[in-house]
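**Q** Sharing a structure, written as structure tokens. Questions coming.
The values are calculated or read from the model by the stated rules, or taken from the named source; none is laboratory data. The structure displayed is predicted, hence computed values, not measured ones. Here the Cβ positions follow ideal geometry from the backbone for every residue, glycine too, while neighbour counts run over all protein chains shown. Each accessible area value is taken on the protein alone, full model and side chains, heavy atoms only, with ligands, DNA and RNA left out. Shrake-Rupley method; radii C 1.70, N 1.55, O 1.52, S 1.80 Å.
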Amino acid sequence: MNKAIMSTSATMHYLLHIEKLSIKEIRIILGERLAVAREMLAGKRNFTKQNYLDLIFNFPSLEGRVEFYENVKREG
């Protein structure tokens, strides 16, 4: 994966196609309802800070590479 900053939608597509996760698995990782996950996939909603932190907890390689949260770091 290159070091480009990805939008929420691009990150969701990365998880679906590169990491081979289902939308259900992504939804569980993010702790969101299916409708919210679909809005993120469509680019209609951005990750919250908590979504981002949950995401990088499971995929540390995404840290600093998601739009709006480029500088957020994991605790500990």
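**Q** All but one of (1) open to solvent by 50 Å² or more (accessible area, probe 1.4 Å); (2) not in a loop (DSSP other than H, G, I, E, B) hold for residue 52; state the number of the condition that does not hold.
**A** Only one criterion is unmet by residue 52, namely (1).
**Q** If you check residue 29 against the conditions, is it touching a helix residue (DSSP H, G or I) at 6+ places or on another chain (Cβ under 9 Å) and among the aliphatic types (A, V, I, L, M)?
**A** Values: touching a helix residue (DSSP H, G or I) at 6+ places or on another chain (Cβ under 9 Å): yes; among the aliphatic types (A, V, I, L, M): yes.
Criteria met by residue 29.
**Q** Just to be sure I understand, how many residues within segment 53-67 are of a type outside the set (D, E, K, R) and either closer than 15 Å to residue 13 by Cα or in contact (Cβ under 8 Å) with a residue 24 or more places away in the chain (or both)? Steps first, answer last, please.
**A** To start, the set of residues in segment 53-67 that are of a type outside the set (D, E, K, R) comprises 53, 55-62, 64, 66.
Those left that are additionally either closer than 15 Å to residue 13 by Cα or in contact (Cβ under 8 Å) with a residue 24 or more places away in the chain (or both): 55, 58-59, 61-62, 66.
The total comes to 6.
**Q** Condition first: surrounded by 13 or more Cβ atoms within 10 Å (Cβ to Cβ), out of contact with any strand residue (DSSP E or B) (no Cβ under 8 Å at 6 or more places or on another chain) and either part of a helix (DSSP H, G or I) or charged (D, E, K, R) (or both). Now tell me which residues in segment 63-76 satisfy that.
**A** Quick first cut of segment 63-76, residues surrounded by 13 or more Cβ atoms within 10 Å (Cβ to Cβ) only: 63-69, 72.
Among the residues that remain, those that are also out of contact with any strand residue (DSSP E or B) (no Cβ under 8 Å at 6 or more places or on another chain) are: 63-64, 68-69, 72.
Across segment 63-76, the qualifying residue is only 63.
**Q** While we're here: For segment 1-17, which residues satisfy the criterion of being modelled with pLDDT of 95 or more and more than 12 Å from the chain's Cα centre (by Cα)?
**A** The one that is modelled with pLDDT of 95 or more and more than 12 Å from the chain's Cα centre (by Cα): 17.
**Q** Sticking with this one: Would you be able to tell me the number of residues in segment 24-45 that are within 17 Å of residue 62 (Cβ to Cβ), in a helix (DSSP H, G or I) and in contact (Cβ under 8 Å) with a residue 12 or more places away in the chain?
**A** 6
**Q** Now for a separate question. Please go through segment 25-43 and pick out each residue that is under 17 Å from residue 10 (Cα atoms), open to solvent by 40 Å² or more (accessible area, probe 1.4 Å) and either aliphatic (A, V, I, L, M) or at pLDDT 95 or above (or both).
**A** Hits for segment 25-43 are 25, 27, 29, 38, 39, 41, 42.
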